[in-house]
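The values are calculated or read from the model by the stated rules, or taken from the named source; none is laboratory data. Since the structure is predicted, the reported quantities are computational estimates derived from the model, not experimental observations. A quick note on method: Cβ atoms are made from the backbone with ideal geometry, for glycine too, and the neighbour counts reach across all protein chains shown. Just the protein is used for accessible areas: all its heavy atoms, side chains included, with ligands, DNA and RNA removed. Shrake-Rupley method; radii C 1.70, N 1.55, O 1.52, S 1.80 Å.
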Amino acid sequence: MSRIPQTLTIAGSDSGGGAGIQADLKTFQELGVYGTSVVTAVTAQNTTGVTAIYPMSAQAVQTQLEAVGSDFEITALKTGMLFNPEIIKETAAAIQRFNWRNVVVDPVMIAKGGANLLQQEAVEALKHHLLPVALLVTPNIPEAEVLTGIPITDVSSRRLVAEKILAMGAKSVVIKGGHGTDPQYAEDYLLQANGESLLYRSARIETGQTHGTGCTFAAAVTAQLARGQELQDAIHTAKQFIHAALSEPLNIGSGHGPTNHAAYKTVLAESKEAANIEIFR
Ligand SMILES: Nc1ncnc2c1ncn2[C@@H]1O[C@H](COP(=O)(O)OP(=O)(O)OP(=O)(O)O)[C@@H](O)[C@H]1O
Ligand SMILES: Cc1ncc(CO)c(N)n1
């Protein structure tokens, strides 16, 4: 009997359940992989915002990493909220120690309500320690701008920013378009180290229920990599997954509500076309 693919998320806890560790584990479950987790910080959070952040000590992170790494065969992992340089260094060290592959780095910086999920001084640590071990980095537009110091204003500056991120050592980058200004489309731009680029385009869904879209997208890529999908296809599935999750909102909470992690299965069961994503070379 073949064993279930085993994955890991290294991220913060969202008490509201829409982002962070909770979004990642729900996504892993929906996509049929086994999820383990290393908690980097506990946030007191709901759909209206973050009221407190309690970071774990570097040792608490290190011992969790050791517990997971010494027992499970992790075939893909993602990182989310890492908060400070010490946690970033422990994470990078464990990735090397356990020789973990298929590393997806979601460079989480700021929550939708404006709370800082990454200390300013941690940006350099992220660039120096984590990007070099990443198969894929998944910044949103503001995060890509912070990483490079270059504003994204058009397709050529987006390409330049992606190139700069690859120069930091990542093997590929997808700049997510949720924060883009196009009212019609949400476009995610992939650039790989071999120079190949792809644009994944979906209709933009008009909704306020977008809490945790980035976490969910990166977790879906991770799950598909663990299942053996190639990177370009894994991103395609993730784009379909998040599109479905946004299409059928749960309408819970009074602020930015969570996405519907269970929608993908229903959408796929109804029609493969329902989550139609166009891909351009
Ligand atoms: N309104 C929307 N309609 C369709 N797709 C969207 C929409 N908003 C975001 N997406 C998709 O969701 C994914 C995540 O993108 P986004 O840029 O929102 O990430 P993020 O800002 O990191 O999210 P968060 O910080 O809430 O976790 C991408 O695939 C993006 O194209
Ligand atoms: C714990 C956590 N991680 C990531 C995000 C970004 O969506 C968030 N709001 N909370």
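So the values come out like this:
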{"quantity": "Test for ARG158: is it more than 18 Å from the chain's Cα centre (by Cα) and away from ligand 2 (no atom under 16 Å from the Cβ)", "calculated": "yes"}
{"quantity": "Qualifying residue in the stretch 63-85 (condition: away from ligand 1 (no atom under 15 Å from the Cβ), in contact with a strand residue (DSSP E or B) (Cβ under 6 Å, 6 or more places away or on another chain), without any contact (Cβ under 8 Å) to a residue 24 or more places away in the chain and among the β-branched types (Val, Ile, Thr))", "calculated": "no"}
{"quantity": "Among the candidates THR237, THR216, THR210, residue that is in contact with a helix residue (DSSP H, G or I) (Cβ under 8 Å, 6 or more places away or on another chain), open to solvent by less than 20 Å² (accessible area, probe 1.4 Å) and within 16 Å of ligand 2 (Cβ to nearest atom)", "calculated": "THR216"}
{"quantity": "Subset tally (residues that are farther than 21 Å from LEU250 by Cβ and within 12 Å of ligand 2 (Cβ to nearest atom)) for the stretch 13-43", "calculated": "5"}
